[in-house]
Each structure stands twice: as structure tokens, then as C-alpha cells.
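The values are calculated or read from the model by the stated rules, or taken from the named source; none is laboratory data. Note that this is a predicted model, so its numbers are computed, not measured. Cβ: placed from backbone, ideal geometry, glycine included. Neighbour counts: every protein chain shown.
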């Protein structure tokens, strides 16, 4: 199957969106893959944890977790038994800007799988016993994480980076906010988010266009238009240059750090992506891995990634080291960032990064589920149906000038917001 030629028709037809006359507002992509008798479906609704009301953080995540806890005439036990009886895998997840889900089933069970998905999306019961069970599970998870330095560092980072903004609130909520969520809050969140408008769907499986069109229409076509979403205002990282300590009695500190970034939809994203690979995205070849771990033994792992949300983008980094070596590790990280700002990467580094990123791209499409998830993410970001065909050419064409431009936007003057959870010496 040539992924550059996949689309809503067949694996050998030009890539194109599949408008559903029975379900306006849905953008659907289809890859026909007759090799394995199964179907993998991925879908994303606009609006996620950023839609949580003040004082009700965790509402979107709780609502998503309740979608398969009873729907239609099936209570929670009956719904889960119906899934298990045919080995149907159905799950939902929440991000800052989206609520998504996935479905995987054998083709012979497709009708039942689509029936259960339709019920979960259109007729969730939100039974009080299920609400209290999920609430208790989420609170238990938060209590378990109360002394996890990685969780504490991440939460503090986002609170300081985006004060007063939806992105500054924990998507999983707090014990206090989870306790305040009512059934009415969950119903209101469902009405606001779960609807056809802006819905993206990707299907991979042994079906022709007519069959998959019918399945998608049955699963999503009767959903109402989603309610109006709260606007999420653009924001930027606050407190750049500041170093914050979350006091925790542990022998090593967990560190989170961040700088500006560019969105996936931005023309400079691909150059920034290549630059990030050189800085900290390459597992064993990045500058940070070589300088922090290999040469100095300061940390077992260190790295960076680009994070793109609807209202902000950033370069996000992580490491962990002994308390007495935190300042040294941060100094080395800062020095490597400044070296890239002033000198840029070598021509050899740039070519190796591009070779790796183009050569490894196909590994993200080696299963039906991965293909569906990749396609729905590309659709959600609005990158166009031909992005898969264009992506490697975009990476291969990145020049040193592109890297310098992207570096000016992402690395800036090198100032980072740093949060260390532990008892770092001298920070």
C-alpha cells in the first residue's frame, strides 16, 4: 500500500476527502486495506480540556471516560460485556483542544461495533453510579501522583507558563475540582463537544467506499451540531528566564523546561522540527543526549519535543539528575541552545537529521491503527490530504537559512522557564 496515494477511495486512488451527504460537517478519510479482515477507526472532535469551566477542571476528561460506561439501553456492565463478547476495542481520550477516540474490530463484527460506538457518542447514560466510580478512580489516580516529581514538575510548569489561561489548568483536574463536577456539567460538556461540526474521521480496513461511507454515516451522521465552544485566547509562555523549585524530598530532581515554539500549521514548523531533532529530539544523536548524558553522565535521559496546541506552541524539554548536579545540567542545556542560536548546526548534522526524519517517517504507518491515528491528526491540524505525500520533500528541502529562521522563533534568546521538582542544590 502506497501511503502517498491513500485516500477516501482506495489505496491506489488519489488522496481526497470524502464528503458525506448524509452527514454534513464531517471530514472523513479512508484507506482500503484488504490484507487483514479488520477495521480501525479514529476520530477527533474539536474542543477538549480547555473547555472546562473555572473550578471544574477535569470535566472533559471525566465525560470522555464515561462514554463507554453505559449508553442507550445498556448499563455499564452490559455495554462492556457487549464489547468483550466480540473483542471490540473502543476507547476515548482527551487533549487540551480535542476529544478523540478509536475503534478496532474484525470486519465480521463491524455492524455491532458501529452500533456500540453510535450509542456511546449519541446516548451516553451518565448514570450516577458510573459517575461516582469514575470520579473515585480519577481522584485515586491524583492521590497516587501526589508525590510523583514528574507530575508535580509538569503541573507547576503549566500553571506558571499560562497563569489564568485554560492551558494552565490540569486536564485531569484536582481533587477539589473533580469533587465539584455534577452530572449537569458532564451533559453540558457532551452537548458542547460531541457533534458533527468540525469532526474528523479516519478509517482503515477491508471495506470499499460505499461500505465505509455507510458505517461513518451510521456512527456520526445523527449527531447534532456541537454547541458553541468557548474561545481559547492565544497565549505565550510566561516567566521565561525563571527557575522554579517544587520542594520534594527525593535524591534527584525531575526537570521540565520550555521555550517558544511554532504550530504544526505554521510554514516554519518543518524547519523547527528538524532543528528540534538536532537539539533534543533525536533519541541517541541529539546534542543534548550527547552532551548531558554521554559526555558528562549527568542524566539517564534528556530530550525536547515540539508541542502544538490551538492557542500556543512551545518547545518542551525534560531531564532528571542528582540534586547536586541540577545547575550543571541546566548550564549544559543552556550552552547547547546558545550554540545553536549563534552557530547553527553543521551541514553534516543537518543532512543526518533530514535523512533520519525522512527515512523513519514510514514507521508511523506500520499498523492500521497507526495509519488511522496519523490521518485523523493530519486532518485535525488542517494540513491537507496530500500532506503525507509532501512531508518528506518538505523535510528534505530544509536549508540552513530555514533553520536560522526557525531558531530565531523557537530558541529566541535562549531563556527558558524551568521547573525542578526535588531539592536541587544552588538553584
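Scanning the range 182-195 for residues that are within 24 Å of the chain's Cα centre (by Cα) and in a loop (DSSP other than H, G, I, E, B), we see that the one that is surrounded by the fewest Cβ atoms within 10 Å (Cβ to Cβ) is 195. Looking only at the range 168-180, decide whether some residue is under 20 Å from the mean Cα position of the chain (by Cα), outside any loop (DSSP other than H, G, I, E, B) and crowded, with 17+ Cβ neighbours inside 10 Å. Checked the range 168-180: at least one residue is under 20 Å from the mean Cα position of the chain (by Cα), outside any loop (DSSP other than H, G, I, E, B) and crowded, with 17+ Cβ neighbours inside 10 Å.
Among the conditions (1) surrounded by fewer than 22 Cβ atoms within 10 Å (Cβ to Cβ); (2) touching a helix residue (DSSP H, G or I) at 6+ places or on another chain (Cβ under 7 Å); (3) under 30 Å from residue 422 (Cβ atoms), residue 242 misses just one, which is (2). Given the criteria in contact (Cβ under 8 Å) with a residue 60 or more places away in the chain, in contact with a helix residue (DSSP H, G or I) (Cβ under 8 Å, 6 or more places away or on another chain), at positive phi and surrounded by 14 or more Cβ atoms within 10 Å (Cβ to Cβ), does residue 407 qualify? Criteria not met by residue 407.
Collect the residues in the range 363-383 that are assigned to a helix (DSSP H, G or I) and either out of contact with any helix residue (DSSP H, G or I) (no Cβ under 7 Å at 6 or more places or on another chain) or at positive phi (or both), keeping them in residue-number order. If the condition is that a residue be assigned to a helix (DSSP H, G or I) and either out of contact with any helix residue (DSSP H, G or I) (no Cβ under 7 Å at 6 or more places or on another chain) or at positive phi (or both), then 363, 368, 369, 372, 373, 375, 376, 377, 379, 380, 381 are the ones that fit. Determine whether the range 301-315 contains at least one residue that is out of contact with any helix residue (DSSP H, G or I) (no Cβ under 8 Å at 6 or more places or on another chain) and part of a helix (DSSP H, G or I). Scanning the range 301-315, I find no residue that is out of contact with any helix residue (DSSP H, G or I) (no Cβ under 8 Å at 6 or more places or on another chain) and part of a helix (DSSP H, G or I), so the answer is no. Residues in the range 313-363 that are surrounded by 13 or more Cβ atoms within 10 Å (Cβ to Cβ), closer than 20 Å to residue 264 by Cα and free of Cβ contacts under 8 Å to residues at least 60 places away in the same chain: 3 in all.
Report yes if residue 271 is touching a residue at least 60 places away in the same chain (Cβ under 8 Å), in contact with a helix residue (DSSP H, G or I) (Cβ under 6 Å, 6 or more places away or on another chain), in the same structural domain as residue 411 (by TED's automatic domain parsing) and surrounded by fewer than 20 Cβ atoms within 10 Å (Cβ to Cβ), otherwise no. When the stated conditions are applied, residue 271 does not pass them. Of all the numbered requirements in (1) crowded, with 21+ Cβ neighbours inside 10 Å; (2) assigned to a helix (DSSP H, G or I); (3) under 19 Å from the mean Cα position of the chain (by Cα), residue 99 misses one, and that requirement is (2). Taking the listed residues 360, 368, the one that is under 26 Å from residue 319 (Cα atoms) and within 22 Å of the chain's Cα centre (by Cα) is 360, with no other qualifying.
Is there a residue in the range 81-96 that is within 23 Å of residue 129 (Cα to Cα), assigned to a helix (DSSP H, G or I) and touching a residue at least 24 places away in the same chain (Cβ under 8 Å)? Taking every residue of the range 81-96 in turn, at least one turns out to be within 23 Å of residue 129 (Cα to Cα), assigned to a helix (DSSP H, G or I) and touching a residue at least 24 places away in the same chain (Cβ under 8 Å).
For the range 118-136, a residue qualifies if it is within 20 Å of residue 179 (Cα to Cα), part of a helix (DSSP H, G or I) and touching a residue at least 60 places away in the same chain (Cβ under 8 Å), and the qualifying residues are 130, 131, 133, 134, 135.
Residue-by-condition table, conditions (1) surrounded by fewer than 20 Cβ atoms within 10 Å (Cβ to Cβ); (2) modelled with pLDDT of 95 or more; (3) in a loop (DSSP other than H, G, I, E, B):
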| position | (1), (2), (3) |
| --- | --- |
| 197 | yes, no, yes |
| 204 | no, no, no |
| 213 | no, no, no |
| 218 | yes, no, no |
| 227 | yes, no, yes |
| 233 | yes, yes, yes |
| 258 | no, yes, no |
| 279 | no, yes, no |
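Looking only at the range 142-183, count how many residues are without any contact (Cβ under 8 Å) to a residue 12 or more places away in the chain and touching a helix residue (DSSP H, G or I) at 6+ places or on another chain (Cβ under 7 Å). Looking only at that region, the number is 3.
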